[in-house]
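S.K.: After the structure tokens below, expect a handful of questions from me.
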Amino acid sequence: MWPLSLSVVFLPCLAAFLLTALSSAYGYGNSEATCSGIVPLRYRNDKISITDFGGVGDGRTVNTKAFRAAIYRIQHLRRRGGTVLYIPPGVFLTESFSLTSHMTLFLARGAVIKAVQDTWNWPLIDPLPSYGRGRELPGARYMSFIHGDGLRDVVITGQNGTIDGQGEVWWNMWRSRTLKFTRPNLIELKNSKEIIISNVIFQNSPFWNIHPVYCSNVVIHHVTILAPQDSPNTDGIDPDSSNNVCIEDSYISTGDDLVAIKSGWDEYGIAFGRPSSNITIRRITGSSPYAGIAIGSETSGGIKNIVAEHISLSNMGVGVNIKTNIGRGGYIKNIKISNVYVENAKYGIKIAGDTGDHPDAYYNPKALPVVKGIHINNVWGVNVQNAGSIQGLKGSPFTGICLSEINLHGSLNSYRTWKCSDVIGTSLKVSPWPCSELRATGGSYLCSSSF
């Protein structure tokens, strides 16, 4: 039997290796393309260590002053080319802290930055304007464990060191309904650009793991994100009202969607009006009781120009889930998803217009989202209980839905085929046979030429 600390990292990696090997054999994990070049990696000559500022990695000492002092030094000395803050092996306990521009947070192998569990003194920040309130509760929200606002040229990387949110205390507060404000994300970068996050293990986030919001030019690759399957709302990576985002080559196993693209919530997102666009998701492996690749349900600022490909999923709630609701307004358009392998899932594909709650009673039920131009190609599913469901809205049917080269296989005892309503589209080589709304004749050219 492996020690627990080894099992936490080794077993998910072994599962990822086996799943990737299987999906690659079918051609679903192979791709040499990369988008990571959208943010160049800068070399920094100036280097400091957290221990230079009194940091102690014994797992007991609270190092908040050391982190804040080190980052203050980076911010105010402004070394040319920026500065590396080195975290050596050890467990560095700390309260939440904010990053600054032109810095690299580098975690050595064996380094752990661990959140304190003192929720009483956790700082509060204003709600996001595109949400109008905290996502879980009205009013303010708890600041993310590692935070940044208005930053440029920030790198979080290392030798697969760990950032641990110690989220169980927060999950239990959510379960017992004793939360006073919305739980903190593990990392949130807001109004920032030129961001790279790579080669780090993120685990046990109180809420969403990595949340770039109102950001541009963001690269997240070669990361591992872990949380128990029953941990509430521990989304892996949630680009939110952001553009030019690259997410690649990562393993995610959490209690909610692995990757979920968002853009604001009902009347607040409509008023803020900032879409998520030009986002590429490639070579993601993982498992979750919810979705592998998700869009929504917060889509009020609009979501467009999304590519997701070479995705390998196991033990899922849903393989691909595009979700919105009345009152959202906005749009979801020009979405291309291809080369997806799904094993053991409740649903292969879901596209739904009735998902998600509302921030308050003031949303406009006549603000209907527009969903069009959804192309899903080359999906292979094994032991999928329900092939798919596409449920549009009566006042705003989903149009331009194109399914091609899709094979979703399930057990004869529990298998269910497609369900559709208020949808217009085409299909080509889909098994089991799709619903009549996705006509199989006359749409062959559209489907085959859309990728």
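The values are calculated or read from the model by the stated rules, or taken from the named source; none is laboratory data. All values derive from a computational prediction rather than experimental measurement. Positions of Cβ are generated from backbone atoms using ideal geometry, with glycine treated the same way; all protein chains shown enter the neighbour counts. The protein model used for the area step is the full one, side chains on, heavy atoms only, and it has no ligands, DNA or RNA in it. Shrake-Rupley method; radii C 1.70, N 1.55, O 1.52, S 1.80 Å.
S.K.: Mind listing whichever residues of the range 219-232 are in a strand (DSSP E or B) and either in contact with a Cys (Cβ under 8 Å, 6 or more places away or on another chain) or open to solvent by 10 Å² or more (accessible area, probe 1.4 Å) (or both)?
M.R.: Result: VAL219, ILE220, HIS221, THR224, LEU226.
S.K.: Within the group LEU128, LEU93, LEU189, which residue is crowded, with 18+ Cβ neighbours inside 10 Å, touching an Asp or Glu at 6+ places or on another chain (Cβ under 9 Å) and part of a loop (DSSP other than H, G, I, E, B)? Talk me through it step by step, then tell me what you get.
M.R.: Numbers: LEU93 fails: part of a loop (DSSP other than H, G, I, E, B); LEU189 fails: part of a loop (DSSP other than H, G, I, E, B).
The match here is LEU128.
S.K.: Here is a follow-up. Give me the pairs: first residue in the range 306-330 and touching a residue at least 60 places away in the same chain (Cβ under 8 Å) and farther than 24 Å from VAL382 by Cβ, second residue in a strand (DSSP E or B) and of a type in the set (A, V, I, L, M, F, W, C), beta-carbon distance under 9 Å, and six or more apart or on different chains, which are they?
M.R.: From residues that are touching a residue at least 60 places away in the same chain (Cβ under 8 Å) and farther than 24 Å from VAL382 by Cβ, the pairs are ILE326/LEU393; GLY329/VAL370; GLY330/ILE303; GLY330/VAL370.
S.K.: Taking the stated definitions as given, is HIS211 outside any loop (DSSP other than H, G, I, E, B) and within 11 Å of the chain's Cα centre (by Cα)? Can you show your working first?
M.R.: Values: outside any loop (DSSP other than H, G, I, E, B): yes; within 11 Å of the chain's Cα centre (by Cα): yes.
For HIS211, the condition - outside any loop (DSSP other than H, G, I, E, B) and within 11 Å of the chain's Cα centre (by Cα) - is met.
S.K.: Report, by residue number, each residue of the range 233-261 that is in contact with an Asp or Glu (Cβ under 8 Å, 6 or more places away or on another chain) and open to solvent by 10 Å² or more (accessible area, probe 1.4 Å).
M.R.: Passing the criteria: ASN233, ASP256.
S.K.: Turning to a different aspect of this structure: Kindly state which strands (runs of 3 or more DSSP E) lie completely within the range 398-440 and contain at least 2 residues that are open to solvent by 20 Å² or more (accessible area, probe 1.4 Å) and of a type in the set (A, V, I, L, M, F, W, C). Lay out the reasoning, then the answer.
M.R.: Values: elements: 398-408, 419-421, 423-431.
Those strands (runs of 3 or more DSSP E) span 423-431.
S.K.: Within the range 110-125, work out how many residues are open to solvent by 30 Å² or more (accessible area, probe 1.4 Å) and touching a helix residue (DSSP H, G or I) at 6+ places or on another chain (Cβ under 8 Å).
M.R.: Matching residues across the range 110-125 total 1.
S.K.: Tally up the residues in the range 262-279 that are of a type in the set (Phe, Trp, Tyr) and either crowded, with 24+ Cβ neighbours inside 10 Å or under 18 Å from LYS336 (Cα atoms) (or both), please. Even if it seems obvious, please write down each step before you answer.
M.R.: First, pick out the residues of the range 262-279 that are of a type in the set (Phe, Trp, Tyr): 265, 268, 272.
So of that shortlist, the ones also either crowded, with 24+ Cβ neighbours inside 10 Å or under 18 Å from LYS336 (Cα atoms) (or both) come out as 265.
So the answer is 1.
S.K.: Could I ask something else about it? Here is a list of conditions, (1) in a strand (DSSP E or B); (2) open to solvent by 50 Å² or more (accessible area, probe 1.4 Å), and LYS366 meets all of them except one; can you say which number that is?
M.R.: So the condition that LYS366 fails would be (1).
S.K.: Can you name the residue in the range 44-70 that is of a type in the set (A, V, I, L, M, F, W, C) and either surrounded by fewer than 20 Cβ atoms within 10 Å (Cβ to Cβ) or free of Cβ contacts under 8 Å to residues at least 12 places away in the same chain (or both) and is also nearest to ILE156 (Cα to Cα) among such residues? Before you say what the answer is, go through the steps one by one.
M.R.: Of the residues in the range 44-70, the ones of a type in the set (A, V, I, L, M, F, W, C) are 48, 50, 53, 56, 62, 66-67, 69-70.
Checking which are either surrounded by fewer than 20 Cβ atoms within 10 Å (Cβ to Cβ) or free of Cβ contacts under 8 Å to residues at least 12 places away in the same chain (or both) leaves us with 48, 53, 56, 62, 69.
Values: ILE48: 15, PHE53: 19, VAL56: 20, VAL62: 21, ALA69: 18 Å.
Only one residue fits best here, namely ILE48.
S.K.: Please tell me if ASN377 is at pLDDT 95 or above, on the phi > 0 side of the Ramachandran plot and assigned to a strand (DSSP E or B). If you could, list the steps in order and put the result at the bottom.
M.R.: Values: at pLDDT 95 or above: yes; on the phi > 0 side of the Ramachandran plot: no; assigned to a strand (DSSP E or B): yes.
Answer is no for this residue.
S.K.: To continue, here is another question. Would you check if there is a residue in the range 280-292 being in contact with a Pro (Cβ under 7 Å, 6 or more places away or on another chain), at pLDDT 95 or above and either part of a strand (DSSP E or B) or open to solvent by less than 10 Å² (accessible area, probe 1.4 Å) (or both)? Write out each step before concluding.
M.R.: Restricting attention to the range 280-292, the residues satisfying the condition of being in contact with a Pro (Cβ under 7 Å, 6 or more places away or on another chain) are none.
No: the range 280-292 contains no residue that is in contact with a Pro (Cβ under 7 Å, 6 or more places away or on another chain), at pLDDT 95 or above and either part of a strand (DSSP E or B) or open to solvent by less than 10 Å² (accessible area, probe 1.4 Å) (or both).
S.K.: Evaluate the following for ASP354: is it open to solvent by less than 50 Å² (accessible area, probe 1.4 Å) and not in a strand (DSSP E or B)? First the steps, then the outcome.
M.R.: On the way: open to solvent by less than 50 Å² (accessible area, probe 1.4 Å): no; not in a strand (DSSP E or B): yes.
In short, no.
S.K.: If you don't mind, another one. Search the range 150-171 for residues that are closer than 15 Å to VAL218 by Cβ and at pLDDT 95 or above and pair each with any residue that is among the acidic types (Asp, Glu) and surrounded by fewer than 22 Cβ atoms within 10 Å (Cβ to Cβ) when their beta-carbon atoms are under 8 Å apart and the residues are at least 6 apart or on different chains.
M.R.: ARG152/GLU194; ASP153/GLU194; VAL154/GLU194
S.K.: Return the only residue of VAL318, VAL384, VAL371, VAL307 being open to solvent by 30 Å² or more (accessible area, probe 1.4 Å) and of a type in the set (A, V, I, L, M, F, W, C). Walk me through how you get there before you give the answer.
M.R.: Details: VAL318 fails: open to solvent by 30 Å² or more (accessible area, probe 1.4 Å); VAL384 fails: open to solvent by 30 Å² or more (accessible area, probe 1.4 Å); VAL371 fails: open to solvent by 30 Å² or more (accessible area, probe 1.4 Å).
Among VAL318, VAL384, VAL371, VAL307, only VAL307 is open to solvent by 30 Å² or more (accessible area, probe 1.4 Å) and of a type in the set (A, V, I, L, M, F, W, C).
S.K.: Out of all the residues in the range 137-182, which are open to solvent by less than 40 Å² (accessible area, probe 1.4 Å) and charged (D, E, K, R)? Walk me through it before giving the result.
M.R.: Step one: list which residues in the range 137-182 are open to solvent by less than 40 Å² (accessible area, probe 1.4 Å), which gives 139-148, 151, 153-158, 161-165, 167, 170-171, 173, 179, 182.
If the condition is that a residue be open to solvent by less than 40 Å² (accessible area, probe 1.4 Å) and charged (D, E, K, R), then ARG141, ASP153, ASP164 are the ones that fit.
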